[in-house]
Structures are given as C-alpha cells and as structure tokens.
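Throughout, read-outs are computed from the coordinates displayed, never taken from laboratory work. These numbers come from a predicted model, not from an experiment. When we count neighbours, we look across all protein chains shown, and the Cβ atoms used for this are built from the backbone with ideal geometry, even at glycine.
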Amino acid sequence: MDMMRSVGTLTRADLAETINRKMGLSRAESLDLVEEILAKMCDALASGENVKISGFGSFVLRDKKERVGRNPKTGVEVPITPRRVMTFRASQLLKERIAHG
C-alpha cells in the first residue's frame, strides 16, 4: 500500500477564516491581520533577519559564496554567483506532530 497521500494546501484565506472564527474579527480584518504578519516576516527576511516561530520552526538565511558548478549535460564548468538562500527548520514539536500524523 502506498503511504503517500495527496493533501490540500493551506492558504491565506484559510488562515483568515480561522482568525475570523476564533477571534470574531470580520473577514476583511482577519485577512488584513494575516497579510500584516506575512509582510512582517517577508520584511525581516529581506533585511537579513532570520524568522523564528516558537513551536513551529525557523526560516534561516545563509549567504553562499561564489563557487564553480558544472553543467551536468555538457560538463562545462560555470561560475555560480554568490547568493542568499533560505531554509526552513522545523521545530522539534512540529517534527513530532508530523511524524505521528
């Protein structure tokens, strides 16, 4: 039996709906709140800050130096320019929740 299953996608609207139900804010206010939180996270990451949400995980930035890569089809070496990458590290709590489905 295939253990992989198709799952839906949580959207901004879904988050706003939860705020609307739990806190009683209007739908518009709830969506504004979601947008404000996401904007704050984006602004922090864009300015080089990591974002940590306790019990959920961390969005961690790392600067990669220039390096030489290779085109896998041709074998030709090409320079890969310096860049900033972002990774997500799940908290231990989230990892446990995911593992126990």
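Things to note:
- 11 Å reach of a label modelled at residue 83, 7 Å along Cα-to-Cβ, counting backbone N of the range 36-69: 64
- Computed helical MRE - 222 nm, the chain, DSSP H runs ≥ 4 contributing -39500 (n - 2.57), nearest 500: -12500 deg cm²/dmol
- Taking a Cβ cut-off of under 14 Å around residue 64, the surrounding Lys, Arg, Asp and Glu residues balance to a net charge of +3, with basic ones at +1 and acidic ones at -1.
- In this structure, residue 70 and residue 12 have a Cβ-Cβ separation that, at R0 = 30 Å, corresponds to a calculated FRET efficiency of about 0.15.
- Exposed-loop-free span, longest in the chain, where trypsin sites (Lys or Arg not before Pro) count as exposed if DSSP calls them loop and at most 11 other C-beta atoms lie within 10 Å: 6-64
- Distant-in-sequence amide H partners of residue 57 (H built 1.01 Å from N, under 5 Å): 91
- Residues in the range 75-91 carry Karplus couplings, in order, of x, 6, 7, 9, x, 9, 5, x, 7, 9, 10, 10, 10, 10, 10, 5, 5 Hz; the curve used is 6.51 cos²θ - 1.76 cosθ + 1.60 with θ = phi - 60°, and Gly or Pro positions show x.
- Rounded FRET efficiency, nearest 0.05, which uses the C-beta distance separating residue 35 from residue 61 and R0 of 30 Å: 0.85
- The simple Förster model, with R0 at 35 Å and r as the Cβ-Cβ distance, assigns residue 45 and residue 100 a FRET efficiency of 0.70.
- The Cα center of the range 16-44 and the Cα center of the range 58-89 differ in position by 34 Å.
- Pair-distance profile P(r), taking every C-alpha pair of the chain, with 10 angstrom steps and integer %: 12, 24, 31, 22, 9, 2
- Here the Karplus relation 6.51 cos²θ - 1.76 cosθ + 1.60, evaluated at θ = phi - 60°, turns the backbone of the range 53-65 into coupling constants of 10, 3, x, 10, x, 10, 9, 10, 8, 9, 8, 9, 7 Hz, with x for every Gly and Pro.
- Exposed-loop-free span, longest in the chain, where GluC sites (Glu not before Pro) count as exposed if DSSP calls them loop and at most 14 other C-beta atoms lie within 10 Å: 1-48
- Charge dipole (the chain, unit charges on Cβ, about Cα centre) - positive-most of 9, 45, 81: 81
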